[in-house]
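Values quoted throughout were computed directly from the atomic coordinates according to the rules given, and no laboratory measurement underlies them. This structure is a prediction, so every number in the text was calculated from the model and none was measured. In this analysis, Cβ positions are derived from the backbone assuming ideal geometry, glycine residues included, and neighbour counts consider all displayed protein chains.
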Amino acid sequence: MSLKTDKWIPAFAGMTEEDLQHALKSWFIYLESEKHYSPHTLRAYEGDIKQFLNYLSGHLGEAISLKDISDTALRDFRGYLSKKAMQGNGATTRARALSSLRTFYKWLDRNGILHNPNIRLMATPKTPHKVPRPLEVGQVFDVLENAGGDDWVQIRNRALLGMLYGMGLRVGEAINLTIKAVEGAPDVLRIMGKGNKEREVPVLPVVYAMLAAYRAACPYPETPERALFLGQKGQQLNAGMIQKEMRNLRVTLGLGPKATPHAMRHSYATHLLGEGMNLREIQELLGHSSLKTTQRYTEVDYKKLLETFKKAHPRAY
């Protein structure tokens, strides 16, 4: 494998020998170039592996080599997770850290670099069962109405939030769209999701109208490859800006901490389920690789949400 970048290695300097640095570099290139992991996921893997190697380095009193990785005993893996628990890390964080290690060791094994069966003997910490926390229909409408305004940035925010709820997109999927993707008046958009997987999502007329209003108001010239959503300086919009907008709306509307951009996607799925759409269809719309992930929405009290919808919008039926 050709080594394209050194961007991941500085984080491990001083705690690893050259052979392990070479393996780490190859692994990160694999995750980035072949698995198409997002920058967020790569940063999480980097942090988890760095903490583990730092633990081993402190335990052995020297820089870590591939031989040390190969010889890591079961008690060392357990000691690492125990230390994280004593530092206040919850089960979810520890489970993710173990998953990162398993992914690295699996890659090392598959590439014939080393084999360590002890990692497979580790039990995954039991994580709390989480149920999606959607907004009520009336709350979604309040968010969309209050996100609007005459300023092009406000029009942009409304269009973006409208896509999250009206199409069930992840924030990253929406901000990575280009002008070319929304040219004309498409009935569906092809969305590039996690793991570089494509799916088609229907475009509601009301969502397209929001996008058209934003494009007309945006002061920057359009080219086919330009990012659809721009920041005030004309660069591709940063996800943090729409998260900031939702925090402001939470204060304005008196909503709780569950009102996040991702909650708009949860609301999309929950409300579709409440209207009778089957789970397989919702799975395809959301781009879930496993139906188990989509099944979480069956645990939401969508009947209560529909009653709220009827009370808040009596002319909806």
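For ARG120 and ARG190, what does the FRET efficiency come to when R0 = 35 Å and r is the distance between their Cβ atoms, rounded to the nearest 0.05?
Working: r = 38 Å, r/R0 = 1.10.
Between ARG120 and ARG190 the formula returns 0.35.
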> Once label points are set 7 Å from the Cα along Cα→Cβ at both GLU198 and ALA239, what is their separation, rounded to one decimal in nm?
Replying inline: 2.3
> Extent of the chain along each principal axis, from alpha carbon coordinates, in Å, largest to smallest?
Replying inline: 68, 45, 35
>> For segment 37-115 and segment 176-205, what is the centre-to-centre distance using only Cα atoms, to the nearest Å?
In response: 37
> Taking segment 31-121, how many lysine pairs are there with alpha carbons less than 23 Å apart, if each pair must be eight or more places apart or span two chains?
Replying inline: 9
> Cα to Cα, under 17 Å, and not fewer than 8 places away if on the same chain: which aspartates and glutamates meet these conditions relative to LYS25?
Replying inline: ASP6, GLU17, GLU34, GLU46, ASP48, ASP109
> Distances over 20 Å make up what percent of all Cα-Cα pairs in segment 9-121?
Replying inline: 37
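Expressed in nm², what is the orientationally averaged projection area of the convex hull enclosing the Cα positions of segment 137-316? Numbers along the way, then the final one.
On the way: hull surface 42.2 nm².
The orientation-averaged projected area of the Cα hull of segment 137-316 comes to 10.6 nm².
Grab the DSSP H runs of the chain that are 4 residues or longer, score each as -39,500 (n - 2.57), total them, divide by all residues and round the 222 nm result to the nearest 500 deg cm²/dmol. Could the numbers behind the result be given before it?
Working: 14 runs with 170 residues, N = 317.
Roughly -16500 deg cm²/dmol at 222 nm, from the helical runs in the chain.
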> Listed highest first by mean packing, meaning other Cβ atoms within 10 Å per residue, what order do 42-52, 232-242, 61-71 come in?
Replying inline: 42-52, 61-71, 232-242
> Can you work out the FRET efficiency for the pair GLU17 and LEU291, with r the C-beta to C-beta distance and R0 = 30 Å, to the nearest 0.05?
Replying inline: 0.10
> How far apart, in nm, are two points set 7 Å out from the Cα along the Cα-to-Cβ line at LYS35 and at ARG247?
Replying inline: 3.0
